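Visitor: I have a structure I would like to understand better, so I am pasting it below and will then ask my questions one at a time.
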């Protein structure tokens, strides 16, 4: 399995902090989510981290077994 | 008597922190001091305080009984 | 010199940490510290009962360490401490402490100020507050970006 | 609000003072502090064995109080502490601590920085240092005047 991680308010939108998903093209994974959540994850202020490293936000990404993709909304911390 | 107070390096010059002097015109009092010390007390970077308040540096001053005149060189503190 | 950078879910004692830090740097001459704590809402009636800071482990501590390293390259410091809580905190609880020791106090002030500005605007923390109305995520403050832009 | 301003010839405990100060201002959100201590000369070989600060009682504490009052008019603070030693101190001894509590950290930073700059350049203290060569009065530093001129 692969894993999606939702930070900040995205956790409330998703209803969970993490979600196990079937590996494969990200476009397919997003298509299986609630459309409103998928739209939020693709929002221009949301950054992505793949396996702990910031990456470009591309729907062309393919998640492999064990991959972790985190969705990071604007921070409000400190 | 009146009192002269020497702060900072002026204490070393005077050889004491305080000096009791006979009340009267300051010019007379200064004339009774070591001339090198008197010159230092009149230096342009030395400020004066009479009875705890800053005053203009004027040799025309007259010290009365119980007056305290302090000579304050540039500070180097804190 | 390396900075002492910590991310913790346990309460910390700012006075004890600062005393230990100051004791390490006897040659410093000056130590500047900033302590941020959860406001007790009493003063302005915002009624915050609790605050939670979430983080993303793979990014948050490495980001703090990179920020501290940047401060060490920009100012001549003898010591730098950065400690940040995550988890649920109550009014009055310490959230963050930054301390910088330097021979010249201007450098200690600038480094502490710089680290705080970037912790606020760039660090991977997400904050929510609990009031009588429940938990609510906090939006980034415009001021935080303005603060960061000073550097 | 009035500032807590003290001039003392006794050693003080910065950590305990700061903890007490911080505890008083739970609504503040942020506390900035500066601690100045006698450098231990080991690091640069200046070999200072002791430092003495003299003051002139009728002017020194009133001057510190006036400075604190000015800071209170310029920044929105919830609390301000200024404590300064005089007398003979040894390496590592605290000399001065300034702490400012504010809702907005920028104000706490600015007020602390301002008070320190003016304490250094304007306060009625005279400093001498003891080295192997004996006691020596310290000249004012040009940097102190430059620091004050920033305000």
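Results for (1) touching a helix residue (DSSP H, G or I) at 6+ places or on another chain (Cβ under 6 Å); (2) surrounded by 12 or more Cβ atoms within 10 Å (Cβ to Cβ); (3) closer than 23 Å to residue C:129 by Cβ, shown as yes or no for each residue.
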{"site": "A:5", "(1), (2), (3)": "no, yes, yes"}
{"site": "A:8", "(1), (2), (3)": "no, yes, yes"}
{"site": "A:15", "(1), (2), (3)": "no, no, yes"}
{"site": "A:23", "(1), (2), (3)": "no, yes, no"}
{"site": "A:31", "(1), (2), (3)": "no, no, no"}
{"site": "A:39", "(1), (2), (3)": "no, yes, no"}
{"site": "A:43", "(1), (2), (3)": "no, yes, yes"}
{"site": "A:53", "(1), (2), (3)": "no, no, no"}
{"site": "A:62", "(1), (2), (3)": "no, yes, no"}
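Visitor: Mind listing just one residue for me: the one in the stretch A:1-26 that is under 10 Å from the mean Cα position of the chain (by Cα) and closer than 19 Å to residue C:58 by Cα and, of those, nearest to the other protein chains (Cβ to nearest Cβ)?
Guide: The selected residue is A:7.
Visitor: Next question, about the same structure. Go through (1) within 9 Å of another protein chain (Cβ to nearest Cβ); (2) under 22 Å from residue D:118 (Cα atoms) one by one and return the number of the condition residue C:91 breaks.
Guide: The failed condition is (2).
Visitor: Which one is farthest from the other protein chains (Cβ to nearest Cβ), of the residues in the stretch C:102-134 that are assigned to a helix (DSSP H, G or I) and touching a strand residue (DSSP E or B) at 6+ places or on another chain (Cβ under 6 Å)?
Guide: Filtering first and then ranking leaves C:111.
Visitor: Identify all residues within the stretch C:87-115 that are within 25 Å of residue D:24 (Cα to Cα) and touching a helix residue (DSSP H, G or I) at 6+ places or on another chain (Cβ under 6 Å); write none if there are none.
Guide: Selection gives C:94, C:97, C:98, C:99, C:100, C:109, C:113.
Visitor: Restricting the stretch D:137-151 to residues that are in contact with a helix residue (DSSP H, G or I) (Cβ under 6 Å, 6 or more places away or on another chain) and not in a loop (DSSP other than H, G, I, E, B), which is farthest from residue C:105 (Cα to Cα)?
Guide: To start, the set of residues in the stretch D:137-151 that are in contact with a helix residue (DSSP H, G or I) (Cβ under 6 Å, 6 or more places away or on another chain) comprises D:137, D:144-145, D:147-148, D:151.
Cutting the leftovers down to not in a loop (DSSP other than H, G, I, E, B) gives us D:137, D:144-145, D:147-148.
Working: D:137: 21, D:144: 11, D:145: 14, D:147: 10, D:148: 13 Å.
Looking at the filtered set, the residue picked out is D:137.
FYI, it's all coordinate maths here, none of it is from the lab. Just so it is clear, the model here is predicted, and its values are computed rather than measured. Positions of Cβ are generated from backbone atoms using ideal geometry, with glycine treated the same way; all protein chains shown enter the neighbour counts.
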